[in-house]
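J.: First, the structure itself, so that you have it in front of you.
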Amino acid sequence: SDFAETGGSFNFYMFHGGTNFAFTNGANYSTKYEPTVTSYDYNAPLNEAGDRTETYWRIREILTKKYGGETEITACDSEKAAYGEIALTQSASLFDNLYNISSPIESPDAKYMEDIGQDFGYTLYRTTLSGPSDGWGLEIEKVHDRAHVFLDGELKGIVERWDKKSLGLGVPLGKGESAKLDILCENMGRVNYGNKIRDKKGIHGVRFGMQYHFGWDIFPLTMESLDRLEFADADAPISGPAFYRGELVIKGSPKDTFIRLDGFTKGFVSVNGKNIGRYFNPAGPQKTLYVPAPFLCEGANEIIVFESDKTDKLSVMFTDTPELG
């Protein structure tokens, strides 16, 4: 209001928020890599669902105080629905379904995503480590942006681009012994601007015992079609990266809604085959994902959650209220 009194002019960045559906979000990089999760509201007067926010009403109050008379508002927020909690009754392990949703590319080295013709999603790098190693250490020079490291199917650590700590994984192997190494890397969004905008994704420069390791199978995981996943009844969460499926039944015309993933850690959500975006708990800041009414249908709606880390729940909640942390 003080600025308005000076007679100065200003514009809004941004007036209407938005949603980076699927994997289309970007990232900032000033002193460290900071990806946008999915929502891009930036405290906008209108949020991603087109609803008026507290910012809108504060701006309106300031302008009314400065220029007088309020104009009639004929617009209204869209109707929302809280469909409640639904059970995720089926699950599918990523490793068990790897060949159902991807085909490996043989490569001497661990190539960046762009170098194998992939744009978005995840990439899984698989190789065999052979002994004798006498506890040799495993190091990854470049991780863009977050990598899970598995040895014979067991998670040994998560390497994150913004955390400069070494993996510090020793792999003791006797003569004639071997171990299967899987590295699941997520492209969390390319840098939007600045001198780091050339932002290749994936991993590069894997060393085992101070020597570069060669001989890889690289699986592009674009996650664009999940039709070939083989699901089974789920009694408990799966250990390791997995897909979870449930059904939202809607009576009458669908309405906008928001999905909460309490108990989940990191991944994305597919609604009727449409990737509505990523979630990252507790990092946030968003706690809900926007689901527009046109993505839904009357009757049964397929909900698939991909969880890369861990979950202690087999259900998600549909609410009528968005939440940013």
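The values are calculated or read from the model by the stated rules, or taken from the named source; none is laboratory data. Everything numeric in this text was worked out from a predicted model, so none of it was measured. Cβ: placed from backbone, ideal geometry, glycine included. Neighbour counts: every protein chain shown. Protein only, heavy atoms only, side chains kept; ligands, DNA and RNA dropped before computing areas. Shrake-Rupley method; radii C 1.70, N 1.55, O 1.52, S 1.80 Å.
J.: Kindly indicate whether any position in segment 197-207 is of a type in the set (Asp, Glu) and in contact with a strand residue (DSSP E or B) (Cβ under 6 Å, 6 or more places away or on another chain).
T.: yes
J.: In addition: With respect to residue 25, is the statement that it is under 24 Å from the mean Cα position of the chain (by Cα) and open to solvent by 40 Å² or more (accessible area, probe 1.4 Å) true?
T.: Considered against the rule, which asks whether it is under 24 Å from the mean Cα position of the chain (by Cα) and open to solvent by 40 Å² or more (accessible area, probe 1.4 Å), residue 25 comes out as no.
J.: Still on this structure: Sort through 88, 98 and tell me the only one that's closer than 29 Å to residue 201 by Cβ, in contact with a Leu (Cβ under 6 Å, 6 or more places away or on another chain) and among the hydrophobic types (A, V, I, L, M, F, W, C).
T.: Of 88, 98, the one residue that is closer than 29 Å to residue 201 by Cβ, in contact with a Leu (Cβ under 6 Å, 6 or more places away or on another chain) and among the hydrophobic types (A, V, I, L, M, F, W, C) is 88.
J.: Over 18 Å from residue 307 (Cβ atoms) and at pLDDT below 95 - does that describe any residue in segment 237-258?
T.: There is no residue in segment 237-258 that is over 18 Å from residue 307 (Cβ atoms) and at pLDDT below 95.
J.: Which of the residues spanning segment 132-147 are open to solvent by less than 20 Å² (accessible area, probe 1.4 Å) and either at positive phi or touching a Leu at 6+ places or on another chain (Cβ under 6 Å) (or both)?
T.: Selection gives 133, 138.
J.: Still on this structure, please answer the following. Can you find, within segment 1-22, the residue that is most open to solvent (accessible area, probe 1.4 Å) among those that are of a type in the set (Gly, Ala, Ser), in contact (Cβ under 8 Å) with a residue 60 or more places away in the chain and part of a loop (DSSP other than H, G, I, E, B)?
T.: Result: 1.
Yes/no per residue for (1) modelled with pLDDT under 95; (2) touching a helix residue (DSSP H, G or I) at 6+ places or on another chain (Cβ under 8 Å); (3) charged (D, E, K, R):
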{"residue": "77", "(1), (2), (3)": "yes, no, yes"}
{"residue": "83", "(1), (2), (3)": "no, no, no"}
{"residue": "114", "(1), (2), (3)": "no, no, yes"}
{"residue": "134", "(1), (2), (3)": "yes, no, yes"}
{"residue": "137", "(1), (2), (3)": "yes, no, no"}
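J.: Looking only at residues that are over 19 Å from residue 161 (Cα atoms) and not small (Gly, Ala, Ser) in segment 28-48, which one is least open to solvent (accessible area, probe 1.4 Å)?
T.: 45
J.: Another one. State which residue pairs qualify: first residue without any contact (Cβ under 8 Å) to a residue 24 or more places away in the chain and inside segment 48-61, second residue open to solvent by 40 Å² or more (accessible area, probe 1.4 Å) and not in a helix (DSSP H, G or I) in any location, beta carbons under 6 Å apart, and separation of 6 or more residues or different chains.
T.: From residues that are without any contact (Cβ under 8 Å) to a residue 24 or more places away in the chain, the pairs are 55/43.
J.: Go over the candidates 252, 240, 263, 267 one by one and state the one that is under 21 Å from residue 24 (Cβ atoms) and either open to solvent by less than 20 Å² (accessible area, probe 1.4 Å) or assigned to a loop (DSSP other than H, G, I, E, B) (or both).
T.: 267
J.: One residue is enough: does segment 93-101 have a residue meeting the conditions under 30 Å from residue 259 (Cβ atoms), in contact with a helix residue (DSSP H, G or I) (Cβ under 9 Å, 6 or more places away or on another chain) and in contact (Cβ under 8 Å) with a residue 24 or more places away in the chain?
T.: Yes.
J.: Here are 208, 150: which of them is touching a Ser or Thr at 6+ places or on another chain (Cβ under 8 Å), of a type in the set (Phe, Trp, Tyr) and either more than 18 Å from residue 110 (Cβ to Cβ) or surrounded by 12 or more Cβ atoms within 10 Å (Cβ to Cβ) (or both)?
T.: The conditions single out 208.
J.: Search segment 283-301 for residues being closer than 20 Å to residue 252 by Cα and assigned to a loop (DSSP other than H, G, I, E, B), and hand back the single one that is most open to solvent (accessible area, probe 1.4 Å).
T.: 298
J.: Scan segment 163-173 and give yes if some residue there is in contact with a strand residue (DSSP E or B) (Cβ under 7 Å, 6 or more places away or on another chain), over 13 Å from residue 209 (Cα atoms) and modelled with pLDDT of 90 or more, otherwise no.
T.: No, segment 163-173 contains no residue that is in contact with a strand residue (DSSP E or B) (Cβ under 7 Å, 6 or more places away or on another chain), over 13 Å from residue 209 (Cα atoms) and modelled with pLDDT of 90 or more.
J.: Contact list please: Cβ distance under 6 Å, first residue in segment 130-156 and over 26 Å from residue 23 (Cα atoms), second residue not in a loop (DSSP other than H, G, I, E, B) and not aliphatic (A, V, I, L, M), pairs at least six apart or on different chains.
T.: Taking only residues 6 or more apart or on different chains, the pairs are 130/178; 135/170; 136/208; 137/170; 138/208; 139/207; 152/180.
J.: Looking for something over 16 Å from the mean Cα position of the chain (by Cα), farther than 22 Å from residue 91 by Cα and surrounded by fewer than 16 Cβ atoms within 10 Å (Cβ to Cβ) - is there at least one such residue anywhere in segment 302-311?
T.: no
J.: Suppose we keep only residues that are of a type in the set (Asp, Glu) and in contact (Cβ under 8 Å) with a residue 60 or more places away in the chain within segment 211-237. Which one would you say is least open to solvent (accessible area, probe 1.4 Å)?
T.: So the residue we want is 217.
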